[in-house]
Amino acid sequence: MVTMDGKWVMEGLDRKDSQRIKSSTELSEYINDIGFLPLFKNNVKGFSVEEMTATDSWWAGKPEEDPWEWREVIAAQGEIAYGKLFSNRAGFISKEWYPYFADYRRDGYDFDSRYEDGLASIRAKKVIDVLTECESLPSNEIKAFAGFGKGGEKGFEGIMSSLQMMTYITVRGFQRRRNKKNEEYGWSVAIYCLSEKLFGEEYVRSAYHLSPEMAKERIIERIINKFPDAAISDIEKNIR
C-alpha cells in the first residue's frame, strides 16, 4: 500500500490474474494453507492479502469483493484469528498455527504469571480482567469498563495492540455502533475476546512444551517453505 495524492493505493493484482483471491472463502482457504498472513504488503514479497487480491477491490463499495470486508466475515466465523499480529499490524493466523505463535510470543507465560512477575502493566490487567468476566465485548465498551478514556487510564490502543501481539486477546467479530434511535452509524467496531475463549485454553497452550525459540524456528521455516526467496531478517521483522 502506497500513498498517492493523499489517497491509499493498493499494490495488488489485476482482475484478470488467475492467481488472485476473489472471495472470503478463497481467502480462508489460502490462510489455512499458508498458516498465517499479514493483511497489508510488507518486506516479504507476496506475503500479504493485499498482494493476492485485486487492486481496485478495496473500499470500492462492493462488500462481497472487498478484502477489508472479508476480515469481518473471517473473524466472525471463529476458525481463524484476526488482529494486530504482525509487527503491530493486522493479519490472520490459522487455528493450526495459533499455538505456535502463543508459545513464541508469550515466552511460556499465561497472563496471570506474566503480571505476577512484573512483566505486564496494571492497564493490561484491567483489560484482561474485563474480558475474563465477559464472553466478548466491543472495543469501546472494553475501554470504558477498564477505566480508560477521559480522566482515566491512557494508552488504550497500545495496550490492545500489545495484548493481541502476545496472543492473549483476539478479534471475535465486528459491529457498528448504534445511536439513541438504535440506528447503525460509522465504521464497524472490533469485538474482542480472550484467545482461550475462542480456541479453548488447552488448545491455545498446546505448544507450550516447545521452547519459544523452537516455536519461532517453526514459524520461520513455514514462511521459507512458502516464500523461499524471503530473507531471514525480513521474516523476523514481521513475526516479532
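The values are calculated or read from the model by the stated rules, or taken from the named source; none is laboratory data. None of the values given here were measured: they were computed from a predicted structure. Cβ placement follows ideal geometry from the backbone for every residue including glycine, while neighbour counts extend to all protein chains displayed.
Every condition in (1) over 18 Å from Arg105 (Cα atoms); (2) crowded, with 20+ Cβ neighbours inside 10 Å; (3) in contact (Cβ under 8 Å) with a residue 40 or more places away in the chain; (4) not acidic (Asp, Glu) holds for Lys143 except the one numbered (3).
Filter the range 9-23 down to the residues that are under 9 Å from Ala54 (Cβ atoms) and within 24 Å of the chain's Cα centre (by Cα) and list them by number. Even if it seems obvious, please write down each step before you answer.
Taking the range 9-23 and keeping what is under 9 Å from Ala54 (Cβ atoms), we get 10, 12-15, 17, 20-22.
Once the filter is applied, which keeps residues that are under 9 Å from Ala54 (Cβ atoms) and within 24 Å of the chain's Cα centre (by Cα), the range 9-23 yields Met10, Gly12, Leu13, Arg20, Ile21, Lys22.
Residue by residue, here is whether (1) over 21 Å from Phe92 (Cα atoms); (2) modelled with pLDDT under 95; (3) basic (Lys, Arg) holds:
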| residue | (1), (2), (3) |
| --- | --- |
| Lys143 | yes, no, yes |
| Arg172 | no, no, yes |
| Gly200 | no, no, no |
| Glu217 | no, no, no |
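Can you name the number of the only condition in (1) assigned by TED's automatic domain parsing to the domain that holds Ile191; (2) touching a residue at least 24 places away in the same chain (Cβ under 8 Å); (3) more than 15 Å from Thr170 (Cα to Cα) that Glu116 fails? If we test Glu116 against (1) assigned by TED's automatic domain parsing to the domain that holds Ile191; (2) touching a residue at least 24 places away in the same chain (Cβ under 8 Å); (3) more than 15 Å from Thr170 (Cα to Cα), just (2) comes out false.
Being farther than 25 Å from Pro138 by Cα, among the aromatic types (Phe, Trp, Tyr) and surrounded by 19 or more Cβ atoms within 10 Å (Cβ to Cβ) narrows it down to one of Phe47, Phe111, Phe92, so name that one.
Numbers: Phe111 fails: farther than 25 Å from Pro138 by Cα; Phe92 fails: farther than 25 Å from Pro138 by Cα.
Going through Phe47, Phe111, Phe92 in turn, the sole match is Phe47.
Under 20 Å from Ala75 (Cβ atoms), outside the structural domain of Phe36 (by TED's automatic domain parsing), in contact with a Cys (Cβ under 9 Å, 6 or more places away or on another chain) and surrounded by 17 or more Cβ atoms within 10 Å (Cβ to Cβ), is that true of Ile191? Break it down into steps so the answer makes sense when it comes.
Values: under 20 Å from Ala75 (Cβ atoms): yes; outside the structural domain of Phe36 (by TED's automatic domain parsing): yes; in contact with a Cys (Cβ under 9 Å, 6 or more places away or on another chain): no; surrounded by 17 or more Cβ atoms within 10 Å (Cβ to Cβ): yes.
Considered against the rule, which asks whether it is under 20 Å from Ala75 (Cβ atoms), outside the structural domain of Phe36 (by TED's automatic domain parsing), in contact with a Cys (Cβ under 9 Å, 6 or more places away or on another chain) and surrounded by 17 or more Cβ atoms within 10 Å (Cβ to Cβ), Ile191 comes out as no.
Of all residues in the range 60-87, none that is in the same structural domain as Pro138 (by TED's automatic domain parsing) has its Cβ atom under 7 Å from the Cβ atom of a residue that is in a helix (DSSP H, G or I) and modelled with pLDDT of 95 or more, 6 or more apart or on another chain.
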